[in-house]
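The values are calculated or read from the model by the stated rules, or taken from the named source; none is laboratory data. Note that the coordinates shown come from a computational prediction; the quantities given were computed from them, not determined experimentally. Here the Cβ positions follow ideal geometry from the backbone for every residue, glycine too, while neighbour counts run over all protein chains shown. Surface accessibility is based on the protein's heavy atoms, side chains included, excluding ligands, DNA and RNA. Shrake-Rupley method; radii C 1.70, N 1.55, O 1.52, S 1.80 Å.
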Amino acid sequence: MSLSTDDIKRIARLARIETSDAEAAATQAQLNNIFGLIATMQAVDTAGIAPMAHAQEVYQRLRDDAVTESDRHTTFQAVAPAVENGLYLVPKVIE
Amino acid sequence: MKWETVIGLEVHTQLATKSKIFSGSSTAFGAAPNTQASAVDIALPGVLPVLNRGAVECAIKFGLAIGANLNRVNVFDRKNYFYPDLPKGYQISQLAKPIVEGGALKIVVEGEEKTVNLTRAHMEEDAGKSLHEDFHGMTGIDLNRAGTPLLEIVSEPEMRSSAEAVAYARALHTLVTWIGICDGNMQEGSFRVDANVSVRPVGQAEFGTRREIKNLNSFKFLQQAIDYEVRWQIETLEDGGRIEQATVLFDPDTGETRMMRSKEDAHDYRYFPDPDLLPVKLDEDWIERVRAALPELPAAMQARFQAEYGVSAYDAAVLTGSRALADYFETAARACGQGKLAANWVMGELSAALNKAELGIAASPVSAAQLGALIARIQDGTLSGKLAKQVFEGLWEGAGEVDAIIEARGLKQMSDSGELEKIVDEVLAANQKSVEEFRAGKDKAFNALVGQVMKASRGKANPAQVNDLLKARLQ
């Protein structure tokens, strides 16, 4: 499998990354190399082996359901570009 | 052409935990903006999610309650999309290995029982809230809700009318509140419904193209939105048009659905397993402990109410509409030993009074024990139905216990037959005209005489006794 320039542009758009044609071409070559790597791995016979969801074969630790955090919004909002009435302000988005 | 409607529902239930699914922030509703958003919830760099045991336990409870398969190992995935109220740029959800798969829920529509199968239920985090009111042309973001635990419950496309969809949504609402995993508050968004709706010619095997109606927060809107959408789809098809897959919103003011996004702009979420979270393992011990602690479920309780108290299937379904109502009924029925009568009072006089006062069963001024005591006094002949209603009013006003109200207000049904005979004779003497009419064959005149006796006894005579006495006198 290899990626077309259109694929690269689409992935970039989904990730909200602005890409010039030159960058897209360079990225295309790099990603296609990675696909080559994946193709090599896929040649390994994995029949009968359950897929793993994580690189380590351990399970999630759970925490008790208790409130342990306090209100720190003024600290957090000190670095926000725009704040009003405790809300973060962002450019208008309506879907 | 005859059309068939096909509906599947996706319901987001907010889980009733104290803290968020991946952080120790409070989930309490209504706090000042961003005061319950921790470093994890606002996605500061370097933070890591730690899963809340309480949220997982809620999902286990649900899986057991619907007889589903619990995936002993289940996995969290990242669902990627950009929106300002989703600060990480992805929502942590479950795609390939959800915690719950399968299961079923029984619904009753117009007296017909039907089973709706469930596809899956998975844990995920809620997003924050975007406030589009005018902040100098900007949008305000409140991240208090970000990270609130949700269980998204997906049904198979097995409902065939808006009535079935509403019955399913109601049954699900009853169940999640019954087992205590969700507070069920629809105004606060604790129970939100998305409806996938399509139509197809009757007899056609393939489904038609579906449109998804998002975020319905009342059963009424669910019904209205589906009815409108079905009409619109049929009209479009009959006019030679085509249905395009789309996401739509329901506008309660116009009663119409309108397009939110088409298939072309459909999200490409690029799901992949979240490397920040390990697979979740459910121990058998844990599952069995949760199973042992589950309350009797609505379906089992309905069957028991019919067998134990002799109430109808319909009554049993109404009485198990919530756990509080079912507990109330059972306490009252046990106190008086009269299941059917208790059912009639709970669904009749009590429900009417509660509705009028806009109170829930939990806030009833008349306790279940008091209602039971009242019914016991009807059963032993102390009270007629009419007098019992007056005692009920006394209980409602907080005038004391049943016997004290009967005593204080002189509401005891007349049991002295000598006293009643005297009243009957007086009434007969004073109403010769009715007596003659009755003898001439007018049955109505008899009822008038009964009415006069009841009036003269100030409602305290036993109506059956009055009937017998009058008949004897008039023969």
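Within region B:304-407, the ratio Rg/Rh, alpha carbon atoms throughout and Rh by Kirkwood, equals 0.94.
For chain B, relative contact order (Cα pairs under 8 Å, six or more residues apart, normalised by length) works out to 13 percent.
Region B:150-197 and region B:348-382 have Cα centres separated by 30 Å.
Charge dipole (Cα centre; +1 on Lys/Arg Cβ, -1 on Asp/Glu Cβ; no other charges) of the protein assembly as shown amounts to roughly 1160 debye. Surface composition of the protein assembly as shown: carbon and sulfur atoms hold 51% of the protein heavy-atom accessible area at a 1.4 Å probe.
The stretch between B:K471 and B:T209, if pulled fully straight at 0.36 nm per residue, gains 87.2 nm over its current Cα-Cα span.
Working from Cα pairs under 8 Å separated by at least six residues, relative contact order for region B:333-475 is 19 percent. When A and B come together, around 4000 square angstrom of accessible surface is lost from both chains combined, probe 1.4 Å. Here region B:246-321 and region B:61-128 have alpha carbon centers that stand 8 Å from each other.
FRET efficiency for the pair A:E57 and B:R270, taken as 1/(1 + (r/R0)^6) with r the Cβ-Cβ distance and R0 = 25 Å, rounds to 0.50. Surface exposure of region B:296-409, expressed per residue as accessible area with a 1.4 Å probe, stands at 47 Å². Per-residue ellipticity at 222 nm computed for the protein assembly as shown from its helices equals -12000 deg cm²/dmol, with DSSP H segments shorter than 4 residues left out and the rest contributing -39,500 (n - 2.57).
Assign one of three labels to region B:238-310, namely rounded, prolate or oblate, based on the Cα gyration tensor with a ≥ b ≥ c the square roots of its eigenvalues; rounded applies when a/c is under 1.5, prolate when it is not and a/b is larger than b/c, and oblate otherwise. Note, shape of region B:238-310 comes out oblate.
A DSSP coil position with no more than 13 other Cβ atoms inside 10 Å describes the following GluC sites (Glu not before Pro) in region B:160-254: B:E188, B:E206, B:E244. How much FRET efficiency would the formula 1/(1 + (r/R0)^6) give for A:V79 and A:Q30, where r is the Cβ-Cβ distance and R0 is 41 Å, rounded to 0.05? Step by step, r from the Cβ atoms, then E = 0.80. FRET efficiency for the pair B:K356 and B:Q379, taken as 1/(1 + (r/R0)^6) with r the Cβ-Cβ distance and R0 = 22 Å, rounds to 0.25. Between the residues B:A369, B:S312, B:S384, the greatest Cα displacement towards the positive end of the dipole of region B:300-404, with unit charges on the Cβ of Lys, Arg, Asp and Glu, is found for B:S312. Charges were assigned to the Cβ only: +1 to each Lys and Arg, -1 to each Asp and Glu. The resulting dipole of chain A about its Cα centre is roughly 100 debye.
In the context of the full set of protein chains, chain A has a per residue accessible area of 77 Å² (1.4 Å probe).
Contact residues in region A:49-68 by the 50 Å² criterion (accessible area, 1.4 Å probe, full protein complex versus chain alone): A:A53, A:H54, A:Y59, A:Q60, A:L62, A:R63, A:D65, A:V67. Among rounded, prolate and oblate, which fits region B:261-350 when a ≥ b ≥ c are the square roots of the eigenvalues of its C-alpha gyration tensor, a/c under 1.5 means rounded, and a/b larger than b/c means prolate? It is oblate, given that a/c is not under 1.5 and a/b is not larger than b/c.
Against chain B, whose longest principal axis comes from its Cα atoms, helix B:417-430 is set at around 80 degrees.
In region B:3-286, taking the dipole from charged Cβ atoms about the Cα centre, the farthest positive-side position among B:L172, B:V197, B:P33 is held by B:P33.
Helix B:323-336 and the long axis of chain B differ in direction by around 20°, with both axes built from C-alpha atoms.
Around the Cα centre of region B:3-286, unit charges on the Cβ atoms of Lys, Arg, Asp and Glu (plus for the first two, minus for the last two) sum to a dipole of about 620 debye. Taking each pair of different alpha-carbon atoms in region B:3-286 once, compute 1/r for the pair, average those values, and report the inverse of that mean as the Kirkwood hydrodynamic radius in Å to one decimal. It is 19.9 Å. By the gyration tensor of its Cα atoms, with a ≥ b ≥ c the square roots of the eigenvalues, what is the shape of region B:215-372: rounded for a/c under 1.5, prolate for a/b over b/c, or oblate? Verdict is oblate for region B:215-372. A simple spin-label model places the labels of B:E421 and B:N69 7.9 nm from each other, with each point 7 Å out along Cα-to-Cβ.
A loss of 40 Å² or more of accessible area (1.4 Å probe, protein heavy atoms, ligands and nucleic acids excluded) relative to the isolated chain is seen in these residues of region B:26-41: B:P33, B:N34, B:T35. For chain B, taking the reciprocal of the average inverse distance between every pair of different Cα atoms yields a Kirkwood hydrodynamic radius of 26.6 Å. The residues of region B:3-286 have, on average, 41 Å² of accessible surface per residue, using a 1.4 Å probe with all protein chains present.
Shape descriptor for the protein assembly as shown: Rg over Rh equals 1.12 (Cα atoms; Rh from the Kirkwood inverse mean 1/r).
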